[in-house]
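Okay, structure first, notes after.
The values are calculated or read from the model by the stated rules, or taken from the named source; none is laboratory data. Nothing here was measured: the structure is a model prediction, and the numbers come from that model. Here the Cβ is made from the backbone with ideal geometry for all residues, glycine too, and neighbour counts use every protein chain on show.
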Amino acid sequence: MHFELSDYDDTGKPTRVNTDDGFIQCSRRFIKEEDGWMLDQLNANDFPIVRAGRQVEAMINEINALRKEVFHLKQSEKQWMVAAGFGSKEK
């Protein structure tokens, strides 16, 4: 389940929580008796190795998207070369 403490009062205590269990998304009032465990959770972004891993994943996703684009451009180039009479259809 993903959650986010979304609103705080003047003293810094949470007043609202957004939750997403993969089926339903909900925004509701923060209830300390039920939601107090959320205050004890670690934030993955506090760890440099996690941030670095996410940056590497983002770069890999970008590289893969560019490789896909290059593949489609090469296919398009082949079609245009054949249409212009500079290549053969057998290749």
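Conditions (1) closer than 30 Å to residue 12 by Cβ; (2) at pLDDT below 95; (3) in contact with a helix residue (DSSP H, G or I) (Cβ under 7 Å, 6 or more places away or on another chain); (4) not assigned by TED's automatic domain parsing to the domain that holds residue 7, marked per residue:
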| position | (1), (2), (3), (4) |
| --- | --- |
| 24 | yes, yes, no, no |
| 31 | yes, yes, no, no |
| 36 | yes, yes, no, no |
| 58 | no, no, no, yes |
| 61 | no, no, no, yes |
| 71 | no, no, no, yes |
| 77 | no, yes, no, yes |
| 91 | no, yes, no, yes |
Any residue at all in region 40-48 that is surrounded by 10 or more Cβ atoms within 10 Å (Cβ to Cβ), at pLDDT 90 or above and part of a loop (DSSP other than H, G, I, E, B)? yes
